[in-house]
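A short write-up of the structure that comes next.
The values are calculated or read from the model by the stated rules, or taken from the named source; none is laboratory data. This one's a predicted model, so the numbers in the text were calculated from it and none came from an experiment. Cβ atoms come from the backbone with ideal geometry, glycine included; neighbour counts cover every protein chain shown. Keep in mind that these areas ignore ligands, DNA and RNA; they rest on the heavy atoms of the full protein, side chains included. Shrake-Rupley method; radii C 1.70, N 1.55, O 1.52, S 1.80 Å.
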Amino acid sequence: MTKKEFVDLYKEIGKFETKKEAEEKLEAFLTAVETVLEKKDEISFLGFGKFEVVDRAERETRNPQTGKMMKVPAKKVVKFKPGKALAEKVNK
(Lines give C-alpha, C1' and ligand atoms only; values in the text may rest on other atoms or scores of the structure.)
Protein backbone atom coordinates (compact mmCIF):
# COMPACT_ATOMS: atom_id res chain seq x y z
CA MET A 1 0.00 0.00 0.00
CA THR A 2 1.37 3.40 -0.94
CA LYS A 3 1.18 6.49 1.26
CA LYS A 4 -1.44 7.95 -1.09
CA GLU A 5 -3.62 4.84 -0.76
CA PHE A 6 -3.14 4.91 3.00
CA VAL A 7 -4.21 8.56 3.19
CA ASP A 8 -7.36 7.69 1.21
CA LEU A 9 -8.16 4.88 3.67
CA TYR A 10 -7.31 7.10 6.66
CA LYS A 11 -9.67 9.80 5.35
CA GLU A 12 -12.47 7.28 4.99
CA ILE A 13 -11.99 5.66 8.40
CA GLY A 14 -11.26 8.93 10.22
CA LYS A 15 -14.19 10.71 8.59
CA PHE A 16 -12.09 13.74 7.71
CA GLU A 17 -13.60 16.53 5.62
CA THR A 18 -10.87 16.51 2.98
CA LYS A 19 -7.99 14.36 1.85
CA LYS A 20 -5.63 17.26 2.67
CA GLU A 21 -6.88 17.31 6.27
CA ALA A 22 -6.31 13.55 6.57
CA GLU A 23 -2.79 13.91 5.19
CA GLU A 24 -1.98 16.77 7.60
CA LYS A 25 -3.21 14.74 10.59
CA LEU A 26 -1.21 11.72 9.43
CA GLU A 27 1.95 13.81 9.02
CA ALA A 28 1.46 15.28 12.51
CA PHE A 29 1.09 11.79 13.98
CA LEU A 30 4.19 10.47 12.20
CA THR A 31 6.22 13.52 13.26
CA ALA A 32 5.18 12.98 16.87
CA VAL A 33 6.27 9.31 16.71
CA GLU A 34 9.59 10.32 15.13
CA THR A 35 10.16 12.93 17.85
CA VAL A 36 9.66 10.35 20.60
CA LEU A 37 11.98 7.84 18.91
CA GLU A 38 14.68 10.47 18.26
CA LYS A 39 14.79 11.03 22.03
CA LYS A 40 15.50 7.26 22.38
CA ASP A 41 12.20 6.91 24.23
CA GLU A 42 9.56 4.28 23.57
CA ILE A 43 5.92 4.68 22.66
CA SER A 44 3.16 2.14 23.33
CA PHE A 45 -0.32 1.99 21.88
CA LEU A 46 -2.42 -0.36 23.98
CA GLY A 47 -3.63 -3.25 21.84
CA PHE A 48 -1.68 -2.09 18.79
CA GLY A 49 1.98 -2.35 19.72
CA LYS A 50 5.15 -0.75 20.98
CA PHE A 51 7.87 1.17 19.13
CA GLU A 52 11.30 1.42 20.76
CA VAL A 53 14.90 2.22 19.88
CA VAL A 54 17.38 -0.57 20.60
CA ASP A 55 21.14 -0.88 20.17
CA ARG A 56 22.32 -3.43 17.64
CA ALA A 57 25.83 -4.64 18.47
CA GLU A 58 28.68 -4.73 15.97
CA ARG A 59 28.78 -8.09 14.23
CA GLU A 60 30.70 -9.99 11.65
CA THR A 61 28.96 -11.41 8.60
CA ARG A 62 29.83 -12.96 5.26
CA ASN A 63 29.42 -11.00 2.03
CA PRO A 64 27.35 -13.35 -0.17
CA GLN A 65 28.90 -12.01 -3.40
CA THR A 66 32.56 -12.32 -2.45
CA GLY A 67 32.45 -14.79 0.42
CA LYS A 68 34.68 -12.51 2.50
CA MET A 69 33.92 -11.79 6.13
CA MET A 70 33.07 -8.17 6.93
CA LYS A 71 32.18 -6.15 9.98
CA VAL A 72 28.80 -4.49 10.31
CA PRO A 73 29.11 -1.51 12.66
CA ALA A 74 26.94 -1.08 15.74
CA LYS A 75 23.88 1.10 15.30
CA LYS A 76 20.52 2.01 16.77
CA VAL A 77 17.41 0.55 15.15
CA VAL A 78 13.68 1.02 15.63
CA LYS A 79 11.94 -2.12 16.83
CA PHE A 80 8.19 -2.74 16.73
CA LYS A 81 6.50 -5.36 18.86
CA PRO A 82 2.84 -5.92 17.96
CA GLY A 83 0.28 -5.92 20.74
CA LYS A 84 -1.90 -8.92 21.48
CA ALA A 85 -5.02 -7.52 19.77
CA LEU A 86 -3.13 -6.66 16.56
CA ALA A 87 -1.34 -10.01 16.52
CA GLU A 88 -4.66 -11.81 16.87
CA LYS A 89 -6.26 -9.82 14.02
CA VAL A 90 -3.30 -10.49 11.71
CA ASN A 91 -3.34 -14.22 12.50
CA LYS A 92 -7.04 -14.75 11.78
| field | Matching residues in the range 62-77 - criterion: being surrounded by 10 or more Cβ atoms within 10 Å (Cβ to Cβ) and assigned to a loop (DSSP other than H, G, I, E, B) | value | ALA74
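How about the range 26-49: which of its residues are in contact with a helix residue (DSSP H, G or I) (Cβ under 7 Å, 6 or more places away or on another chain) and at negative phi? Lay out the reasoning, then the answer.
Filtering the range 26-49 down to residues in contact with a helix residue (DSSP H, G or I) (Cβ under 7 Å, 6 or more places away or on another chain) leaves 26, 43, 47-49.
LEU26, ILE43, PHE48, listed by residue number.
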| field | Number of positions in the range 25-54 that are open to solvent by 70 Å² or more (accessible area, probe 1.4 Å) and either aromatic (Phe, Trp, Tyr) or touching a strand residue (DSSP E or B) at 6+ places or on another chain (Cβ under 6 Å) (or both) | value | 5
| query | Do we have ALA87 as free of Cβ contacts under 8 Å to residues at least 12 places away in the same chain, surrounded by 10 or more Cβ atoms within 10 Å (Cβ to Cβ) and small (Gly, Ala, Ser) here? | reply | yes
| What is the residue count in the range 6-24 for residues that are open to solvent by 80 Å² or more (accessible area, probe 1.4 Å) and under 17 Å from the mean Cα position of the chain (by Cα)? | 1
